[in-house]
Amino acid sequence: MAPPRDKFGRPIVVVTGMGIVTSLGAGKADNWAKLTAGESGIRTVTRFPIDGLKTTMAGTVDFVTVEPSSSTGLTERLAEIATEEALEQSGIGRKGDFPGPLFLAVAPVETEWPQRLEVARAIGKSDFEVQDILKISGGGKFAPYHHRFMFGSVASYLAETFGTKGSPISLSTACASGATAIQLGVEAIRRGEADATLCVATDGSVNQEALVRFSLLSALSTQNNPPQAASKPFSKNRDGFVMAEGAGALVLESYESAVARGAPILGVVAGCGELTDSFHRTRSSPDGKPIIGCVRKTLADAGLEPGQIDYINAHGTATPENDKMEFLGISAVFGDQALKIPVSSNKSMVGHTISAAGAVEAIFSLLTLEHQRIPPTINYEVPDPAIPFDVVPNKARDAKVTAVMSNSFGFGGQNASLVLTREPI
Amino acid sequence: MSERKEVWITGIGILSSLGEGLDAHWDALNAKRVNIDDKRFAPYIVHPLAPVSFDAQIPKKGDQRQMEAWQRIGTYAAGLALDSAGVKGNQEILGRMDMIVAAGGGERDIPVDMAILNGYLRENSGPVFLNERLMNDLRPTLFLAQLSNLLAGNIAIVHGVSGTSRTFMGEEASGIDAAGIALARIESGQSDIALIGAAQNGERSDLLILFEFGDFNLTGGYAPVWARDKDRDGFALGSAGVFLVMESREHAEARGAKPFAKLSNVVSDLAQRKQPGAVTKSLEALWPKLGVSAENGALITGATGVHRVTSEEKAFLQQHPGLAVRSTGTIFGHTIEAQFPLGLALAALSISRGALFPPNDPTGFEVEKTDAPTQIVVVGAGHWQGEGMALVEAVKQ
């Protein structure tokens, strides 16, 4: 039996439950089967009309609906589904009584257009002004919308439903949010504050305005036809990311506590790291230093050398900028080995689940360790000579994998990485 | 676990309706000054930001243009905090500094929203109209100016704080947890130094609408928090950016930094408020965890003035009649995410000045305190959820 502490004397943090929802389906089994079959969950949007939009596809989760419909409501439901799966696998606590805190990665919230329109309609006159809206907003008629559009509402619902302990933390580090939620959970266990933490990341925010906003930043692919081929990480003809929805939930526990209760150990969060880029709001520092620093910090936190990483689960958004910078960063740290380590992007299939991506991809990384099979980068027909990664093109590959690095790099200079292993190291 | 490290507050930055900086705030608090605007959003009341030249902390106009008001307020206050701690421009420290920002979101483009709503309803349009108008009328950069984690992003860009960067959300509770997590990280040695804080622009009709959905806005004229009651309750939105630099004692001593105070404890809860009395019970349960040594100390609360919460908080406070209570809501209005950081800042400031600022309360609930406080409890109870407390103490040399 391995000692219950890592080489730095900290409690080892293991994963004992995982749950996932993406545009590919609900649950680990379905997602893993489709992911390794190279299937795409990207489709033409049907949730709202696409007329007048430059980007008309997304990785929406259409098989889950909520009433009344809102992105925040869907975000909450996706998180709930993923959490139920994770808790069932973990077998921790009792129903409605999770013995630790909640860390939730969630998209920022604001009042949405259907609700804005509903309130405006209630004014009952034309040429109204914002004061007219204010006048009729109170009195209880729209009381549920206060609650719904509070930033803390999703976390509060999950905390109540699953009985997590203490003040639930909602967080956003843009595209790195999911990784940050895991990192916060790891840190709490390492500090000895908790034996178990529930780390959830969720995003159900494909609505008209969200799509338009990313579109106006020229961040999205416009290769709408066929939608399944739009997301082309590391390809020369990549032209942006594809918005997507999903959720990932992980139960983290100290190794000691997991062993004591005979819990399934699905993998180890061996290291995590982050480093902020202060260069620009949406672009990476051209020298790649923050990405390089983030990756190095993460390896150091895990106590591993670059040579001990067998697979990199890339951020791989398919924006021209990200993929180029990711290669620059990885090759600076890994040297020649960067050309040999398999580096694939799940986003070629599930799209970019934004706030959820860090957790969704951590789960795919753990499934890679479990199945010893690396999911592919699909839509890889035109290699970019400037990015000579082994991207595991188009077909999954069996491989011996003992340690995976999962990267998340986001707007606002947010960089976070995780190292996941099968066994304690 | 190694022994918990002592954590000092070595930098404070405040920009609010009362002005900017510590001297201006100390003077205003002692003069019992309150700055309200009851005309612009009448019948609602807001505490407008005091006039400020943002150039002093955000020198590039290009940076200012990329930000919404709340981001400018926060980035400015963060700069004041870094100056106050003496680490501004110190790349070696800033490059490994933790940052935890408690954030909401930025203001909508109200004229655009109003034009869309009017057009949509006038022409009985469908969702296609919305696509067209959004594609044509939204400013591309507005997204970034509203995005929660871009307050931290702007602080990184403008001031170079670039160790870790985490943005917590969730109204008042996010400010409590930002302080709590930063404290836990430094105490345990996971970090040496952190910048935490929040910002709010209270002069926003979209925020007023959101809170009006739940009937949380104060109307019928301004009143101090303790003078609000069941028939006239709620809050006036405040405008404030508040940031603190926190660091381990050894880190501060090694660089010769002086403490305002030490942060000894932060505790938080999520009471199940459907049950009457839940907030009182929650605060009662948190109190013994703080380590308060004397019942005749001082307490600064961010009580909102929302009757069903503030009445429960008052019931808790009445069980500790020896405490000299001060309400930031009376003075600054309700600053949501900044509520708790503001309480921490004023507690640390009071301890460093060797005095608690005077009461500002016609009901007499707040009492005078003449001796120098050595412990100040900070309380934050959210307007709809989230409870927390902190203990700020004088440093024993």
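The values are calculated or read from the model by the stated rules, or taken from the named source; none is laboratory data. Keep in mind that this is a model prediction, so the values were computed, not measured. So basically every Cβ, Gly included, is an ideal-geometry build from the backbone, and we count neighbours across all protein chains shown. Remember, those area values only see protein heavy atoms, side chains included, never the ligands or the DNA or RNA. Shrake-Rupley method; radii C 1.70, N 1.55, O 1.52, S 1.80 Å.
Here are some notes:
- Any hit, region A:15-25, residues being open to solvent by 30 Å² or more (accessible area, probe 1.4 Å) and either farther than 25 Å from residue A:100 by Cβ or modelled with pLDDT of 95 or more (or both): no
- Residue match in region B:90-99 (condition: in contact (Cβ under 8 Å) with a residue 12 or more places away in the chain and closer than 22 Å to residue B:19 by Cα): no
- Counting only helices (runs of 4 or more DSSP H) that fall entirely inside region A:318-425 and contain at least 3 residues that are surrounded by fewer than 20 Cβ atoms within 10 Å (Cβ to Cβ), among the aliphatic types (A, V, I, L, M) and touching a Cys at 6+ places or on another chain (Cβ under 9 Å), no element qualifies.
- Verdict on residue B:15 being surrounded by 15 or more Cβ atoms within 10 Å (Cβ to Cβ) and either outside any loop (DSSP other than H, G, I, E, B) or modelled with pLDDT under 95 (or both): yes
- Whichever residue in region B:309-335 is of a type in the set (Gly, Ala, Ser) and surrounded by fewer than 20 Cβ atoms within 10 Å (Cβ to Cβ) and, among such residues, is farthest from the chain's Cα centre (by Cα): B:322
- Consider region B:258-308 and keep the residues that are among the basic types (Lys, Arg) and open to solvent by 40 Å² or more (accessible area, probe 1.4 Å). The one that is farthest from residue B:347 (Cα to Cα) is B:274.
- Every test in (1) assigned to a loop (DSSP other than H, G, I, E, B); (2) closer than 28 Å to residue A:151 by Cα; (3) of a type outside the set (Lys, Arg); (4) under 21 Å from the mean Cα position of the chain (by Cα) is passed by residue A:55 save one, and that test is (4).
- Only listed residue being in contact (Cβ under 8 Å) with a residue 60 or more places away in the chain, open to solvent by 20 Å² or more (accessible area, probe 1.4 Å) and not in a helix (DSSP H, G or I), chosen from A:68, A:108: A:108
- Only one entry of B:315, B:345 meets the criterion of being among the aliphatic types (A, V, I, L, M) and under 20 Å from residue B:19 (Cβ atoms), and that entry is B:345.
- Only one entry of B:170, B:163 meets the criterion of being at the interface with another protein chain (Cβ under 7 Å from one of its Cβ atoms) and either out of contact with any helix residue (DSSP H, G or I) (no Cβ under 7 Å at 6 or more places or on another chain) or surrounded by fewer than 21 Cβ atoms within 10 Å (Cβ to Cβ) (or both), and that entry is B:163.
- Scanning region A:148-157 for residues that are facing chain B (nearest Cβ under 7 Å) and over 14 Å from residue B:104 (Cα atoms) yields A:155, A:156.
- Test: residue in region A:290-298 that is among the aliphatic types (A, V, I, L, M) and closer than 27 Å to residue A:223 by Cβ: yes
- Residues that are acidic (Asp, Glu) and modelled with pLDDT of 95 or more were ranked within region A:279-317; the one that is most open to solvent (accessible area, probe 1.4 Å) is A:305.
- Matching residues, region A:166-194, being over 17 Å from residue A:108 (Cβ atoms) and more than 9 Å from every other protein chain (Cβ to nearest Cβ): A:179, A:182, A:185, A:186, A:189, A:194
- Residue, farthest from the chain's Cα centre (by Cα), within region A:5-52, restricted to residues that are within 14 Å of another protein chain (Cβ to nearest Cβ) and aliphatic (A, V, I, L, M): A:50
- Qualifying residues in region B:76-130 (those that are facing another protein chain (nearest Cβ under 8 Å), over 30 Å from residue B:252 (Cα atoms) and of a type in the set (Gly, Ala, Ser)) - the one surrounded by the most Cβ atoms within 10 Å (Cβ to Cβ): B:104
- Here residue A:125 passes the criteria (1) at the interface with chain B (Cβ under 7 Å from one of its Cβ atoms); (2) among the basic types (Lys, Arg); (3) part of a loop (DSSP other than H, G, I, E, B) except the one numbered (1).
- Among the candidates A:29, A:33, residue that is open to solvent by 50 Å² or more (accessible area, probe 1.4 Å) and under 30 Å from residue A:260 (Cα atoms): A:29
- For region B:278-309, filtered to residues that are in contact with a His (Cβ under 9 Å, 6 or more places away or on another chain) and assigned to a helix (DSSP H, G or I), the residue that is farthest from residue B:334 (Cα to Cα) is B:287.
- Verdict on residue B:367 being out of contact with any Phe, Trp or Tyr (no Cβ under 6 Å at 6 or more places or on another chain), more than 14 Å from every other protein chain (Cβ to nearest Cβ), touching a residue at least 60 places away in the same chain (Cβ under 8 Å) and open to solvent by 10 Å² or more (accessible area, probe 1.4 Å): no
- In region A:143-184, the residues that are hydrophobic (A, V, I, L, M, F, W, C), surrounded by fewer than 22 Cβ atoms within 10 Å (Cβ to Cβ) and in a loop (DSSP other than H, G, I, E, B): A:149
- Within region A:195-220, tally of residues that are more than 14 Å from every other protein chain (Cβ to nearest Cβ) and more than 19 Å from the chain's Cα centre (by Cα): 1
- Among the residues making up region B:145-159, those that are at the interface with another protein chain (Cβ under 7 Å from one of its Cβ atoms) and open to solvent by 10 Å² or more (accessible area, probe 1.4 Å) are B:147, B:157.
- Region A:221-233 - residue that is open to solvent by less than 10 Å² (accessible area, probe 1.4 Å) and not aliphatic (A, V, I, L, M) and, of those, farthest from the other protein chains (Cβ to nearest Cβ): A:233
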